[in-house]
1. Average the reciprocal distances over every distinct pair of alpha-carbons in the chain, invert the result, and give the Kirkwood radius in Å.
2. Tell me the relative contact order for the chain as a rounded percent, counting alpha carbon contacts under 8 Å between residues six or more apart.
3. Place a label point 7 angstrom from the Cα of LEU22 along the Cα-to-Cβ direction, then list the residues of region 39-62 whose backbone nitrogen is under 18 Å away.
4. What FRET efficiency do you get for LYS118 and SER31 if R0 is 41 Å and r is their Cβ-Cβ distance, rounded to the nearest 0.05?
5. Given axes a ≥ b ≥ c from the Cα gyration tensor, I'd like to know whether region 114-205 is rounded (a/c under 1.5), prolate (a/b larger than b/c) or oblate.
6. Note the angle between two axes, namely the Cα long axis of helix 82-99 and the longest principal axis of the Cα atoms of the chain, as a number of degrees from 0 to 90, rounded to the nearest 10.
7. Please say if region 1-96 is rounded, prolate or oblate, where rounded means a/c under 1.5 for a ≥ b ≥ c the square roots of the C-alpha gyration tensor eigenvalues, and otherwise the choice is prolate for a/b larger than b/c and oblate otherwise?
8. I want to check a number: in the chain, how many lysine pairs have alpha carbons closer than 30 Å, given a sequence separation of 8 or more or different chains?
Amino acid sequence: MAIKTSRRIFKLIVFILCLVPLGWLVFALYSDTNFGTHYMTVDPVQKLDRELGNWALILIITTLAIRPVSELSSSRDMIDYRRMIGLFAFFYALLHVSSYLGINLQFEVAAFIKDVVKRNYITVGIITFILLTPLAVTSSKKMIKRLGGRNWRKLHRLIYVIAILGVFHFTMMIRADFTRPIIYGTLVALLLGYRYWRQVRNSIQ
């Protein structure tokens, strides 16, 4: 009973922590609009887009890191929060795409098609979001049973492709200061390396 209660408390904490970035962005926009602050820089639309995408990528990488960290620390408790964090990653990705379509393009279909065709980083970003969508849709236990564990695991291996594409998308958007994409790319590479190492080790045993 105490274990279940502690898990519920930690899930609530994780839920709140995942909402903190969105809360900060809402506060920053409100403060800049009403009090003349400049939390969102001189280009709040671009800042909003990039921060939403940035947090989507952070949460995607976090979901990738949960299993290796839990295995190396011999603690399975963190696995319980992976689904929630993954859904929040999709939530921020959805807000990122919605901000781009709604605020930047004013839902103009012609402008969207033109961007997808002519701007490589937009093309990569849309592909990444499309690949992420079925993972979010099939994240429930009911969908795992419907697909079958083996098929579900195959589908959800796309998260590695999504993480790589997400890093490329972020890198292509930036013209200076590549610190964050370098950090994210390094983390994804390490996580992929760990997965490969684990597969090799399991095949030998």
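1. 18.7 Å
2. Details: 146 pairs, mean separation 39.9, N = 205.
Relative contact order for the chain comes out at 19 percent.
3. Output list for this probe position: 48-62.
4. On the way: r = 35 Å, r/R0 = 0.86.
After rounding, the FRET efficiency stands at 0.70.
5. oblate
6. 20 degrees
7. Working: a/c = 3.42, a/b = 2.05, b/c = 1.67.
It comes out prolate by the Cα gyration axes.
8. Lysine pairs, 8 or more places apart or on different chains, close enough: 13.
Values in this text are rule-based calculations from the coordinates and carry no lab data. This is a predicted model, so every value here is computed, not measured. As a convention, Cβ positions derive from the backbone with ideal geometry for all residues, glycine included, and neighbour counts pool all protein chains shown.
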